[in-house]
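A.B. asks: Okay, here's the structure, questions in a sec.
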Amino acid sequence: MEKIPILRMGSFLLVTIQVDLYDRLALNLESDLVQMVNKTSAKGVLIDISAVSIVDSFMGRIIGNIANMTRIMDAQTVVVGMQPAVAITLVELGLPLNGVRTALNVEKGMEYLHSMIPHEEEDETADDDSNTD
Amino acid sequence: MIVTLTKDEMTVFKEQDVILFRNRVKEFAVKIKMGLVNQTKLITAASELVRNMLIYAKGGKVLIEVVSRGRDNGVRLTFKDQGPGIKDINLAMKDGFTTGKSLGLGLPGAKRLANEFAIQSELGKGTTITIIKWANG
Amino acid sequence: MSPETSKILKKKKKQVLENWFNGQLANESLKEELVSNRDARSQSEELLEAVLQKLDAVANNITPDEDPAEELLETISLTRARNGYSPRETGVYIFSLKEALLKTLSDEVRDVKTLYEESLGISKQLDNIAITTFETFIKGREEVILRQTDEITEISTPVIRVWDGILALPIIGTLDSSRTQVVMENLLSQIVETGSSIAILDISGVPAVDSLVAQHLIKTVSATRLMGAECIISGIRPEIAQTVVHLGIDLSGIVTKSSLASALSYAFATLRLEVKKNTKEPKN
């Protein structure tokens, strides 16, 4: 069964979505992510959708769910890399994506997360701990 | 007067069919040189409608056509199911209205994304939805 | 048209060609093309052959699968359109062929009634062919116009990197629905490409904004935000401000500045950049 890989980057988690999300895959992602946040006490989650060319309301709901779930577990979610065509379509579709913060790319997303988290230890940046466990 | 140039019919009854369907729609759109933004709008609208069909009618058929009206080329999608039908179409077309767990954006959203939208439904018989997206729409 | 006529014309092909060349030489612009363009002669020959074949098919009631005459004509017509020839000149080219055919026929057919009937038949076919050339010609010119429109649109929406992370898009001229779409797509893709977090859309060069355009501008700002960047609209003229309020358009969620300069100032502040005057004396 396919699983979407979740990478650990310091006290953040990075999820890169590169395939079409269907029901089971999406539900697995939600539960895997929540488990990982718990296990690693992650403070932030980055969802990279730069390879996603279609975001419909189903996908929007999943992203919203992930943002809510992680917030309950005291982690912030940032969606990065939205393609222009997707942004234009979402505006037309009327997808609210409320409470979901976005950033242009992973780098800016991490900057934002760092700024949101009050005490960030210097040695917990991506350089030394960017591998999955 | 709208003329059909090519067509293909697909049945969608499970999740995996959705992906095949979306790819097929993209093929047709690319063939008539539809720009990226319009492609995205078309496939997103198609995705909304086909998911609706799966959720509420347990599946159905979709007719994918390349049509032309005068100088314009476009893609026409006709979603036909034999599900329960829609009781109040006007209500269904309002943003946020849903009888399921979704965001309630499927029908009105698809209408906004497409250039032309038509819907017919009969309780107990089924629903037919047709949308057209012109290549330069 | 009768098969006999077709046979006659085929037999007298050389004569027809001769007549046609003379006809072309008698016309100033056609003469120039015939004389200067080396391929003009062989092109005419090829076309005549194709037309004769077409006439033959019509005379014998055959419907061929392809129409080499039409394809050839399309090519000739399109080339002439792209090279700036007038439709009249292209039409005259075909009509001079018609004249040549009729002249040759009149030299060969004695019976007046037959000559009249056959001439009508040939006329009808050639007129049809002439109409095709006109249609193709117009299509060719339209393609040129479309291409130029695209080029103009591209030139008139420059994207300027005014600072690291700040883009400015000064829009000049009327904004219609399709142009606003192009601007929107351009803006968004530039934001991605340059990794800019702020884009300033300056509309001081736009004379009027209707509600459709205003909607598009609002959508542009929303799309920019969705991607994680910010869009500021500057240069709103007083007339536009008035129109917007009268139309009941809600711009409250959008940052609007009266000038590009103040928008830039705002952008610097957002990025926590300060512009300070250098208090040290420059060393001479």
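A.B. asks: Among the listed residues C:22, C:37, C:61, C:27, identify the single one that is farther than 18 Å from residue C:121 by Cα, assigned by TED's automatic domain parsing to the domain that holds residue C:86 and loosely packed, with under 13 Cβ neighbours inside 10 Å.
C.D. replies: C:37
A.B. asks: In addition: Taking the stated definitions as given, is residue B:106 in contact (Cβ under 8 Å) with a residue 24 or more places away in the chain and out of contact with any strand residue (DSSP E or B) (no Cβ under 7 Å at 6 or more places or on another chain)?
C.D. replies: Here the answer is yes, as residue B:106 does meet what is asked.
A.B. asks: Hey, which of the helices (runs of 4 or more DSSP H) in segment A:3-96, taking only ones fully inside, have at least 3 residues that are of a type in the set (Val, Ile, Thr) and either over 30 Å from residue B:94 (Cβ atoms) or in contact with a Pro (Cβ under 7 Å, 6 or more places away or on another chain) (or both)?
C.D. replies: Fully inside segment A:3-96 and qualifying: A:23-40.
A.B. asks: Based on what the data block shows, is residue A:125 under 18 Å from residue A:32 (Cα atoms) and modelled with pLDDT under 90?
C.D. replies: Spelling it out, it is not the case that residue A:125 is under 18 Å from residue A:32 (Cα atoms) and modelled with pLDDT under 90.
A.B. asks: Please go through segment C:81-105 and give me each residue that is within 34 Å of the chain's Cα centre (by Cα) and touching a residue at least 60 places away in the same chain (Cβ under 8 Å), ordered by number.
C.D. replies: Within segment C:81-105, C:81, C:82, C:89, C:92, C:93, C:96, C:97, C:99 qualify.
A.B. asks: Among the listed residues C:179, C:141, which satisfies the condition of being modelled with pLDDT under 85, among the basic types (Lys, Arg) and crowded, with 16+ Cβ neighbours inside 10 Å?
C.D. replies: C:179
A.B. asks: Now, a different point. For residues that are exposed (fewer than 13 other Cβ atoms within 10 Å of the Cβ) and assigned to a helix (DSSP H, G or I), scanning just segment B:5-45, find the one that is farthest from the other protein chains (Cβ to nearest Cβ).
C.D. replies: Filtering segment B:5-45 for residues that are exposed (fewer than 13 other Cβ atoms within 10 Å of the Cβ) and assigned to a helix (DSSP H, G or I), the one farthest from the other protein chains (Cβ to nearest Cβ) comes out as B:27.
A.B. asks: Same structure, new question: Just one of the numbered conditions (1) among the acidic types (Asp, Glu); (2) more than 23 Å from residue C:134 (Cα to Cα); (3) outside any helix (DSSP H, G or I) is not true of residue C:4; which one?
C.D. replies: Among (1) among the acidic types (Asp, Glu); (2) more than 23 Å from residue C:134 (Cα to Cα); (3) outside any helix (DSSP H, G or I), residue C:4 violates only (3).
A.B. asks: Also, I was wondering about something else. Conditions: (1) surrounded by fewer than 17 Cβ atoms within 10 Å (Cβ to Cβ); (2) polar (S, T, N, Q); (3) in contact with a Leu (Cβ under 6 Å, 6 or more places away or on another chain). Residue B:78 meets all but one. Number of the miss?
C.D. replies: (1)
A.B. asks: While we're looking at this one, here's another question. Does any residue in segment C:172-193 that is in contact (Cβ under 8 Å) with a residue 40 or more places away in the chain come within less than 7 Å, Cβ to Cβ, of a residue that is part of a helix (DSSP H, G or I) and among the hydroxyl-bearing types (Ser, Thr, Tyr) six or more places away or on a different chain, and which pairs are these?
C.D. replies: C:187/C:220
A.B. asks: Sticking with this structure for a sec: How many of the residues making up segment A:65-116 are over 28 Å from residue B:109 (Cα atoms), modelled with pLDDT under 90 and touching an Asp or Glu at 6+ places or on another chain (Cβ under 9 Å)?
C.D. replies: 0
A.B. asks: Right, something else. Considering only segment A:44-73, state which residues are basic (Lys, Arg) and within 19 Å of residue C:228 (Cβ to Cβ).
C.D. replies: Once the filter is applied, which keeps residues that are basic (Lys, Arg) and within 19 Å of residue C:228 (Cβ to Cβ), segment A:44-73 yields only A:71.
A.B. asks: Considering only segment A:38-66, how many residues are within 14 Å of chain B (Cβ to nearest Cβ) and in contact with a Gly (Cβ under 7 Å, 6 or more places away or on another chain)?
C.D. replies: Adding up the residues that qualify gives 2.
A.B. asks: Go through (1) surrounded by fewer than 16 Cβ atoms within 10 Å (Cβ to Cβ); (2) within 30 Å of residue C:181 (Cβ to Cβ); (3) within 12 Å of another protein chain (Cβ to nearest Cβ) one by one and return the number of the condition residue A:18 breaks.
C.D. replies: (3)
A.B. asks: So residue C:279 clears everything in (1) surrounded by fewer than 17 Cβ atoms within 10 Å (Cβ to Cβ); (2) not in a loop (DSSP other than H, G, I, E, B) except one condition, right? Which one?
C.D. replies: The failed condition is (2).
A.B. asks: Right, here's the next one. If residue B:52 passes every condition in (1) more than 11 Å from every other protein chain (Cβ to nearest Cβ); (2) of a type in the set (S, T, N, Q); (3) touching a Gly at 6+ places or on another chain (Cβ under 8 Å); (4) buried (at least 17 other Cβ atoms within 10 Å of the Cβ) but one, which one does it miss?
C.D. replies: (1)
The values are calculated or read from the model by the stated rules, or taken from the named source; none is laboratory data. All values reported here derive from a predicted model rather than from experimental measurement. Quick reminder, even Gly has a Cβ in these numbers, built from the backbone with ideal geometry, and neighbours come from all protein chains shown.
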